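Below is one structure; the comments refer to it alone.
What follows draws every value from the coordinates through simple rules; no lab data is involved. Computed from a predicted structure; not experimentally measured. With ideal geometry, Cβ positions are generated from the backbone for all residues, glycine too; neighbour counts draw on all protein chains shown.
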Amino acid sequence: MSEERIRSLRYGDRPALWVLVACLVGWILAYHHLLLYGGVALGLLAVAAFLLSRRRGWRPDRFFLLLPLLVIAYGIYADQRLRSLRSMPRAVTLYDASVRVNYPVASSAESAIRYDAALLTSDGGEIPILLTLPGESAELYGMMLRGDLDLVALLGDTLPDSYGRYLLGEGYVAQAYGQSLETAGRARTIRCRLMEGRHHLISRFDSAVGDRLSAEDKGLVYALCLGERLHLPRSVKSDFTSSGVAHVLAVSGYHLGIVFGLLSGLLGLLLPAYRHRRLRYLLIFLGLLVYTLLTGASTATMRAFVMSGIYLLAKLLGRRADPVQVLSLTLLFFLFLNPLSILSVGLLLSVSAVWGLMSFMPILLRLVSPSLRSLRFVWSSLAACISAQIGVLPFLFLFFGRAAGSMLWSAIPVVALSGLLIPVGLLTLALPSLPGLPRLLSLLSGGMRAVTETFGTPALSLTVTMQYDLVLVVLYYAIVLTARELFVRLYNRRTPYDFL
């Protein structure tokens, strides 16, 4: 009977989760200028709880009594970080400004290219900005520019729009528009070198493959394997969005999971001995770090990398990696690194998808367990899609106002094809002269585009339009979590025979 039971998710005895909740409350108070009133209210509440426990002879947990202090402490930290951003002028023109251009991130239009860049201040500091330059400018990597700059701060007295919150979540403080910038040298940082190396890798691959791959197939390979979406046609992006699998184009935990598996398998063959396990974990960690930086180190990719690092650390220490603790520690890392990272759409979608997988996928796999291996693969893929969709659904309605129902059936062939395309693509990018690989890439990428074109049609996409707010998001998760726990309790009370 014990083998048939479904494990209940316990949140009460997870210290990292409660610390995360306290930090989130402090963040909300600081973001909405309520830190003083909230601090007074929490202080009075803590004192009242302490006096009541003394009067009735209770022994309250000291950890929970310290949570209000943690709320206030993190609120002060977040307020100091946000105050420096709010003090920036909303819009200003800087003359003779120094800018370090790291790498191009997107084409905003046919006449403009956006770059990840940093504005260098007179005191030696750096302000991360999203720099827009004319489209005819060269693709710059690690270039120092000097000249006039129009700067628009993202965080002021009023809350930014959805795109502004997205940029803040990705670590940018302001948008900048170059007027008359001239080259003033090079800054060879490690990140710039890696991104320039990615550019050379793409150029070498393009020259070696030639016409054996279409422009659409090349753009898809670059996006899936390297996180480079500058070469991806708008029509392909639209098909992936309409079919509900646009998340596959953004390098995240799924892609890092494939690289993790490849590194684990390769190092398991090269260093099979048990005494070499620490070296294997270290090499896997370094490989994931290089891949994360090579693909642009977006917030969603960093989330997957941090979770992988915590998992490897637990393996190294011989400890079990509790999923709730790992997820909470990952979010705490981002909150302390950048309080505004909680606004990142990619981070929230990534975390909610992981929560859905760890909450509902074990239930679905327990309810249905096909005997045939091929059917088990199909059902496992479908169960993963359903579980992730349960997790991300409210955020899709919150940020985009719609969700594609076709994701439940289009994701199975797309995940299967991309699971083959990513390792084959990485091998072909490294060794483009190997015979047969470009042809295989063409078949895989062509199959993915055919699937997304088919399921992206209005008749099959089944797009649901609905607009959520934060209250509905919280209510959704409360209802779903309660329903899950009730189902688990009912299921665990039954014998396998009675349930079937």
In the range 237-367, with Lys and Arg counted as +1 and Asp and Glu as -1 at Cβ, which of these residues, Ser242, Leu313, Leu293, has the Cα nearest the positive end of the dipole, that is, farthest along it?
Leu313
Taking R0 as 45 Å and r as the Cβ-Cβ distance between Lys315 and Leu230, the FRET efficiency 1/(1 + (r/R0)^6), rounded to the nearest 0.05, comes to 0.75
Note: the range 318-470 at 37 °C, 0.692 mPa s; Kirkwood Rh on alpha carbon pairs; Stokes-Einstein D in µm²/s works out to 181 µm²/s
If eta is 0.692 mPa s and T is 37 °C, what Stokes-Einstein diffusion coefficient results for the chain, Kirkwood Rh from Cα pairs, in µm²/s?
130 µm²/s
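How big is the range 388-466 by the Kirkwood estimate over distinct Cα pairs, in Å?
14.3 Å
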What does the helix-only formula give at 222 nm for the chain: each DSSP H stretch with n ≥ 4 adding -39500 (n - 2.57), the total divided by the residues, and the result rounded to the nearest 500 deg cm²/dmol?
-20500 deg cm²/dmol
On the formula 1/(1 + (r/R0)^6), with r taken between the Cβ atoms of Val92 and Val21 and R0 of 41 Å, the FRET efficiency rounded to 0.05 is 0.60
Between Ala304, Thr482, Pro423, whose Cα lies farthest towards the positive end of the dipole of the chain when Lys and Arg beta carbons carry +1 and Asp and Glu beta carbons carry -1, centred on the Cα centre?
Thr482
Evaluate E = 1/(1 + (r/R0)^6) for Leu365 and Ala49, where r is the Cβ-Cβ distance and R0 equals 45 Å; express this FRET efficiency to the nearest 0.05.
0.60
Projected label distance in nm at Ala112 and Tyr274, using a 7 Å step from Cα toward the beta-carbon
6.0 nm
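Charges only on Cβ, +1 for Lys and Arg, -1 for Asp and Glu: so what's the dipole of the chain about the Cα centre, in debye to the nearest 20?
Working: 46 positive and 30 negative charges, 471 e Å.
That gives the chain a dipole magnitude of about 2260 debye.
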Using only the alpha carbons, work out the radius of gyration and Dmax of the range 286-398 in angstrom.
15.8, 48
Report the label-to-label distance for Ala208 and His33 in nanometres (one decimal), using points 7 Å from each Cα along the Cα→Cβ vector.
5.8 nm
Considering just Cα atoms, how many Å³ per residue does the convex hull of the range 188-256 enclose?
94 Å³
Using only C-alpha positions, report the orientation-averaged shadow area of the convex hull of the range 140-235, nm², one decimal.
8.8 nm²
